[in-house]
Amino acid sequence: MPSIYGPVTDWASDFDHAEPAYNANVHQIWDDLLNKQQCPVAHTERYGGAWLPITHEHVREIAYDTEHFTSRSVVVGVTKPSQFDPQPPPSPIGNAPPISSDPPFHAEARRLLLPAFSPKKIDPWAPEIRRICHQLIDEMGDVQFIDAAQQYSQDIPVQVIARMLGFPVEDADKFRNFVHLVLESVNEDRETRLAKFMIFDEYLTVQVNDHILNPRDDLTTYLLNAEIMGNKLSPEHVGGTIILLLVAGIDTTWSGIGSSLWHLASNAVDRRRLVDNPAMIPVAVEEFLRAYAPVTMARLVREDFDFHGHAMKEEDWVLLPFPAANRDPKVFDNADAVIIDRQENRHAAFGLGIHRCLGSNLARLEMNIAVEVFLERFPDFELNESEEVTWSVGQVRGPRKLPVRVTARS
Amino acid sequence: MQIRVDAEKCQGHSRCYALAPELFDIDDYGNAHELNDGVVPPELEVRARLAQANCPEFAIIIGD
Ligand code: HEM
Ligand code: SF4
C-alpha cells in the first residue's frame, strides 16, 4: 500500500520510503543524495519527522549508538509509539524483545534465543529445507509459466518456521497474512490493525496452550521451558517471541530468495555460471544479499540530539538503510555492479551491532538451498516479459510477483 | 601470521566460521574465536585474509 502522504518532489527534504517511487528509483535517489549534500542525511516531516542516513559510516554509527537511538520501535508508522500506546512496556524491554529492546535488557532477551539459531542447531535443517523446495517445484506440475515469488520464494520461510515451531504446516497462509498486516499496512488506522492482531493472537494462544499440554521437541516447547533472569517466560512472552520470529523471518527471507531468482532470471551469464558450478552459490548468495539487501530497520531518537549538524528531535524516526550502506563506494569496490564471485564482501544485510539478525544462519541456509534447488530443477529460465514483476513497498524489499518462463527442466 | 577475534566487536555473523572453519569456531551464543591460539599456517593465510575482509563488524585482527 502506498504512503498516505502522496508523491515526493524532493528526496532530500521530503523523502518517503513507503512511496512506491522510493523502491523503484532507490539507487538514483541515494546517488543524488550522496552527490548533492555535504553530509548526506535526508529528512522528512512525514511520519511526524524522520531521517534517512545513507553512508556505511553513518548507518554503522547509528546502529552502534544505543544511547542516542532506541529500538523501541523499528518499523516506521504514521503514529509515533507514544501516541499509539500511551503505556508501552517499560523501556528497555519494548513489545517484541529482543528487537524492540535496548541494553541492558536486550542481551538477556537475545541470549534466550541465540542457541536455537546457532549454526550447529540450524545446519541439520538442510535436508528438510531441500525437501520443501523440491516439493514446491513438484507441485507446479509441467507448466511453462510460473510465479517464482508466489509459488516458491514465499512458501519456503513459512514452511520452515512452521515446522521449527511445531505448528500445523497447513496454517502457512495465516502466518503470511499476519506478517503483511504488520509490515505493509503502516498507514491503516489503529482499530483495523488491532482487530486483525486480535484474531492472530487467539490463534497463537491455542497453539501455545497445546504445547503446554503436549510438550514436544520444537521451538515452542523450547521457549516455554526457557528462563530469562531466572524466571520462566509467561505464555504471553512466548507468544510475543513467536510473533517476532514470524514477522522478522518470513517476508525478509521471501525477499532474499525472490531477489536472487529475479537476478538470475534477468542475467543469463550469471545463471549459466551457477548452473555449471553450483559450488559458487554461497559466494553468489552473499552478493545478492549485498546488492539486494531486503531489510531497512529504524530507530527512534531518544532525546534532542545533534547528529553531524542535523538537529534530531526526541522521537524522530531514523531509518537504517542497510541496503544503502551496502552500496557505499568507500567500503565496496565497484559497489553498484553485481559481481557474483565478489570475494571481499563485508555487507550489512543482516544489520550491524547488537541486533545482528538472530536468524541469519537460518536465512542464509534457506537462500542457498532455495537457489541451488531452483537451478537444479530449472537449469534455464527467464523473465516472462508479458507480465510485470512487482516489488513490495516499505522497509522490506523484494519481488512480490516474479513471472518466469521455464525453458529447461530436469 | 597471527589472527584474533575482537570479542567486543564480534556479533556472531558467522562469516569467519563459514569461510575458514579451520581457523575459527563459534559458540552457541554467537561468539567467534580463533583456533590454535590464532596461529595461521602459511597455506591458510589467504583464507584468514578472506575471513577478515568479510567480517561485517571489522572484528578480525591480523598480526604477524
Ligand atoms: C534474508 C533474510 C533476513 C534478513 C535480510 C534479515 C535482516 C535483519 C536485520 C537487518 C536485523 C537487524 C535489526 C535491527 O538492527 O534493528 C534483523 C534482526 C532480527 N532478525 Fe532477521 N533477517 C532475515 C531473516 C530472519 C529469520 C529467518 C529470522 C528468524 C526466524 C530472523 C529473526 C530476527 C530477529 C529475532 C531479529 C532481532 C535480533 C535482535 O534484536 O537482537 N531474521 N534481521
Ligand atoms: S565474521 Fe566477524 S562478527 Fe561474524 S562471527 Fe566472525 S568475527 Fe564475529
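The values are calculated or read from the model by the stated rules, or taken from the named source; none is laboratory data. What you see is a predicted model; the values in this text were computed from it and never measured. Here Cβ is always computed from backbone atoms with ideal geometry, including for glycine, and neighbour counts include all displayed protein chains. Surface accessibility is based on the protein's heavy atoms, side chains included, excluding ligands, DNA and RNA. Shrake-Rupley method; radii C 1.70, N 1.55, O 1.52, S 1.80 Å.
Contour minus end-to-end for A:V275 and A:F197, with contour as 0.36 nm per residue of separation and end-to-end as the Cα-Cα distance?
Full extension of this stretch gives 23.8 nm more.
At what distance in nm do the modelled label points of A:L383 and A:V143 sit from each other, each positioned 7 Å from its Cα along Cα→Cβ?
The answer from the label model is 2.1 nm.
Could you provide, to the nearest whole Å², the per residue accessible area of the protein assembly as shown with probe 1.4 Å?
Value returned for the protein assembly as shown: 43 Å² of accessible area per residue.
I need the shape label for the range B:2-63. Rule: rounded when a/c is under 1.5, else prolate if a/b > b/c, else oblate, with a, b, c from the alpha carbon gyration tensor.
Here the range B:2-63 falls in the prolate category.
Would you grab the residues whose amide H sits under 5 Å from the one on A:I228? Only those 5+ places off in sequence or on another chain, please, with H modelled 1.01 Å from N.
So A:I228 has HN proximity to A:L233.
Just check the protein assembly as shown against the gyration tensor rule for me: Cα atoms, a ≥ b ≥ c as the square roots of the eigenvalues, rounded for a/c under 1.5, and otherwise prolate or oblate depending on whether a/b exceeds b/c.
Note, shape of the protein assembly as shown comes out rounded.
For the range A:309-410, report the % of Cα-Cα distances exceeding 20 Å.
62 percent
Could you work out, residue by residue across B:9-19, how many beta carbons of other chains sit within 10 Å of that residue's beta carbon, and then give the average as an integer?
Values: counts 2, 1, 10, 11, 12, 8, 7, 0, 3, 5, 4.
Across the residues of B:9-19, the mean count of other-chain Cβ atoms within 10 Å is 6.
Please name which of A:N177, A:P98, A:W125 has its Cα lying farthest along the dipole of chain A towards the positive end, using unit charges on Cβ (Lys, Arg +1; Asp, Glu -1) and the Cα centre as origin.
Most positive-ward Cα: A:W125.
Which of rounded, prolate or oblate describes the range A:145-213 when judged by the alpha-carbon gyration tensor and an a/c cut-off of 1.5?
Judged from the Cα gyration tensor, the range A:145-213 comes out oblate (a/c at least 1.5, b/c at or above a/b).
Taking amide hydrogens as modeled 1.01 Å from N in the peptide plane, which residues meet the under 5 Å criterion relative to A:L320, leaving out close sequence neighbours?
The answer is A:M297, A:A298, A:R299.
Distance from the Cα centre of the range B:15-64 to that of the range A:201-243, in angstrom?
36 Å
For the B and A pair, go ahead and give the buried accessible area with a 1.4 Å probe, both sides summed, in Å² to 100.
Answer for the B-A pair: about 1900 Å² buried.
Rounded to the nearest 20 debye, what is the charge dipole size of the protein assembly as shown about its Cα centre when +1 sits on each Lys and Arg Cβ and -1 on each Asp and Glu Cβ? All intermediate terms of the calculation are to be shown ahead of the outcome.
Working: 43 positive and 71 negative charges, 72 e Å.
It works out to roughly 340 debye.
State the Cα centre-to-centre distance between the range A:39-77 and the range A:369-410 in whole Å.
32 Å
Let me have the 222 nm mean residue ellipticity of chain A computed from DSSP H runs of 4+ only, each contributing -39500 (n - 2.57), with the sum over all residues rounded to the nearest 500.
The per-residue figure over chain A is -14000 deg cm²/dmol.
For the range B:2-63, with the dipole built from +1 on Lys and Arg beta-carbon atoms and -1 on Asp and Glu ones, taken about the Cα centre, which of B:P21, B:C55, B:H33 lies farthest toward the positive end?
Value: B:C55.
Where the accessible area of chain A is counted over protein heavy atoms with a 1.4 Å probe, how much of it, in %, is carbon and sulfur?
After summing per-atom areas, the C and S share lands at 53 percent.
Where in the range B:33-64 does accessible area fall by at least 50 Å² between the isolated chain and the complete protein assembly, at a 1.4 Å probe radius?
B:A53, B:N54, B:P56, B:E57, B:F58
Nearest 10 degrees, 0 to 90: what angle lies between the long axis of helix B:45-54 and the longest principal axis of chain B (Cα atoms)?
For B:45-54 against chain B, the angle is about 30 degrees.
Full-extension gain between A:D306 and A:E227, please, as 0.36 nm times their residue separation minus the C-alpha to C-alpha distance.
Gain on extension, A:D306 to A:E227, equals 24.5 nm.
Rounded to the nearest 0.05, what FRET efficiency do A:E45 and A:D333 give with R0 = 41 Å and r taken as the Cβ-Cβ distance? Could you check?
For A:E45 and A:D333, the calculated efficiency is 0.65.
Return the subset of A:K120/B:K9; A:K401/B:K9; A:K174/A:K232; A:K174/A:K330; A:K120/A:K232 for which the Cα-Cα distance in this structure is over 32 Å, preserving the input order. Can you show the working numbers first?
Numbers: A:K120/B:K9 22 Å; A:K401/B:K9 39 Å; A:K174/A:K232 28 Å; A:K174/A:K330 43 Å; A:K120/A:K232 25 Å.
Beyond 32 Å between Cα atoms: A:K401/B:K9; A:K174/A:K330.
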